[in-house]
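Worksheet: the structure to be examined is printed underneath.
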Number of protein chains: 2
Amino acid sequence: MRSPAGLRLGAAAALPLLLLLALRLPAPAVAGRPLVARDRKPAPSEAAATARWLAAQNTWGVLSTISSDLSGAPFGNVVSYSDGVPGESHGIPYFYLTTLDPTARDALEDERTSFTLSEFPLGTCGKVDPENPTCAKLTLTGKLKVVDHKSPEADLAKTALFSKHPEMEGWPKNHHFEIFKLEIENIFLIDWFGGPKPISPSQYLDYGR
Amino acid sequence: MRSPAGLRLGAAAALPLLLLLALRLPAPAVAGRPLVARDRKPAPSEAAATARWLAAQNTWGVLSTISSDLSGAPFGNVVSYSDGVPGESHGIPYFYLTTLDPTARDALEDERTSFTLSEFPLGTCGKVDPENPTCAKLTLTGKLKVVDHKSPEADLAKTALFSKHPEMEGWPKNHHFEIFKLEIENIFLIDWFGGPKPISPSQYLDYGR
């Protein structure tokens with residue numbers, strides 16, 4: 001079933017079963033996960049759907065910037081995000097960041113950023129290793145921009161963020177948290193053997209419209 | 001208890017309880033986690049211990065490189081790693097990477113790399129948000145180097161990797177996986193309010209010796 005032409009890795013015998021598990025079993029609960037509807041993982045043949053599923057189901061990831069503190073070295077930082085209220089995702093990741101933290105400072109100097117998500121913490125990879133290509137991974141690369149706090153987009157983003165991260169609403173005002181978003185220019189998705197899936201930002205953003 | 005001088009964020013009332021939960025309760029199981037001894041989280045006053053605990057307890061993270069495919073933009077990628085066999089960690093993260101993947105290719109052109117870990121997937125952050133500073137995050141920045149496959153270090157690294165990631169041993173030979181390690185030059189740890197904890201690589205690496 002759904003065995004792509006590009007199948008390269010071994011251990012193929014166990015895969016239909018693993019895939020079936022990923023598709024059929026209810027995902028186990030993971031500590032600390034907020035109340036997001038746990039949709040089923042799309043099939044590997046549905047690349048845009050899988051990327052959007054990962055973005056909708058996760059609540060945190062790693063934002064990588066060019067570090068001004070570290071002479072231009074890459075710097076990955078754990079951040080929370082939301083791409084929409086539960087059940088109504090739009091694919092664009094919004095963040096709530098403060099310049100007390102290096103990530104926001106870096107982005108204000110050099111917008112080039114990537115945002116990386118793994119399927120592993122969702123609990124749907126079963127016993128498959130986090131680096132196994134069937135345990136999906138998504139890297140969105142683009143520009144990290146401040147969202148004008150008076151814009152309608154800021155209202156949408158706040159609703160998206162605060163619905164998935166309720167404690168954010170109470171974070172201290174004097175830390176000057178602002179909403180940032182990733183303007184996606186490039187998508188790297190691995191969800192099966194055979195290398196990254198080609199998906200354009202418009203295929204990703206238009207999925208489900 | 002253990003309230004640092006640098007306490008800046010609010011919601012302090014709930015924190016002793018949260019901390020107690022993190023320290024006293026057995027951590028819940030997380031799907032797909034391998035059989036690593038689940039030591040208790042060190043107190044926030046023990047910065048090097050906390051950083052080493054995060055490195056020992058996690059099995060995957062995000063490696064960020066300078067992307068040659070994307071004109072020097074940062075690129076974060078989900079990877080598995082090991083800093084030692086279960087119960088005998090040394091702090092240095094070892095990876096099993098192939099140049100079929102951009103991360104290894106990037107590192108061979110520009111060694112500057114960061115490796116980012118979160119406490120959140122361990123299940124010990126309770127209901128605290130992944131971006132909350134009490135849910136620990138660690139970024140090790142340095143140089144990603146190939147380990148000579150004939151060296152004693154390569155034997156040690158393979159034992160460390162294969163004990164935590166048993167399926168790696170069967171990954172296809174024709175993908176030319178090689179062992180890489182991060183030579184740590186800078187450590188960014190957040191495990192409490194008040195900003196990153198100052199830890200030197202030697203404080204981190206010498207912990208527990």
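The values are calculated or read from the model by the stated rules, or taken from the named source; none is laboratory data. All values reported here derive from a predicted model rather than from experimental measurement. Cβ atoms come from the backbone with ideal geometry, glycine included; neighbour counts cover every protein chain shown. When the accessible area is computed, the model is the full protein with side chains, heavy atoms only, and any ligands, DNA or RNA have been set aside. Shrake-Rupley method; radii C 1.70, N 1.55, O 1.52, S 1.80 Å.
Applying a threshold of 18 Å to the alpha-carbon distances of A:137/A:164; A:143/A:173; A:143/A:181 flags A:137/A:164; A:143/A:173 as lying beyond it. Within 10 Å of the Cβ of each residue in A:102-115, the mean number of Cβ atoms contributed by other protein chains is 2. D by Stokes-Einstein for the stretch A:41-206, Kirkwood Rh over Cα pairs, 4 °C, 1.567 mPa s: 80 µm²/s. In order along the stretch A:84-101, the phi-based Karplus estimate (6.51 cos²θ - 1.76 cosθ + 1.60, θ = phi - 60°) of 3J(HN,Hα) comes to x, 5, x, x, 9, 8, 10, x, 7, x, 9, 10, 10, 10, 10, 6, 5, 10 Hz; Gly and Pro are listed as x. Other protein chain C-beta atoms within 10 Å of residue C-beta, averaged over A:77-85: 4.
Converting phi to 3J(HN,Hα) with the Karplus coefficients 6.51, -1.76 and 1.60 and the offset θ = phi - 60°, the stretch A:55-69 yields 5, 6, 7, 6, 10, 8, x, 10, 8, 10, 10, 8, 7, 6, 5 Hz in sequence order, with x at every glycine or proline.
Protection proxy ranking, highest mean first, for peptides B:184-196, B:145-157: B:184-196, B:145-157, where packing is the per-residue count of other beta-carbon atoms within 10 Å, averaged. For residue A:148, the point set 7 Å out from Cα toward Cβ sits 6.0 nm from its twins in the other copies, listed from shortest up. Judged by the mean number of other Cβ atoms found within 10 Å, the most tightly packed of the peptides B:69-81, B:163-175, B:89-101, B:50-62 leads the ranking B:50-62, B:69-81, B:89-101, B:163-175. If R0 is 41 Å, the Cβ-Cβ spacing of residue A:176 and residue B:151 corresponds to a FRET efficiency of close to 0.25. In this assembly, the B-A interface accounts for approximately 4400 Å² of buried accessible surface in total, computed with a 1.4 Å probe and without ligands, DNA or RNA. Taking the 1.4 Å solvent-accessible surface of the stretch A:41-206 as the whole, the part contributed by carbon and sulfur is 52%. Using a probe of 1.4 angstrom and keeping all protein chains present, the accessible surface of the stretch B:89-209 works out to 41 square angstrom per residue. Between residue A:169 and residue B:162, the modelled label-to-label distance comes to 5.3 nm, taking each label 7 Å out from Cα in the direction of the beta carbon. Mean per-residue shielding of peptide A:129-139 is 6, counting Cβ atoms of other chains within 10 Å of each Cβ. Working note: Karplus 6.51/-1.76/1.60 with θ = phi - 60° gives the stretch A:145-158 the couplings 10, 6, 8, 3, 5, 9, 7, x, 4, 5, 5, 4, 5, 5 Hz, where Gly and Pro are set to x.
Its Cα gyration tensor gives the stretch B:145-209 an equivalent ellipsoid, and the semi-axes of that ellipsoid, as √(5λ) in whole Å with the largest first, are 31, 14, 12.
Distant-in-sequence amide contacts of residue B:82, defined by a placed amide H-H separation under 5 Å and a gap of 5 or more residues or a different chain, comprise B:94.
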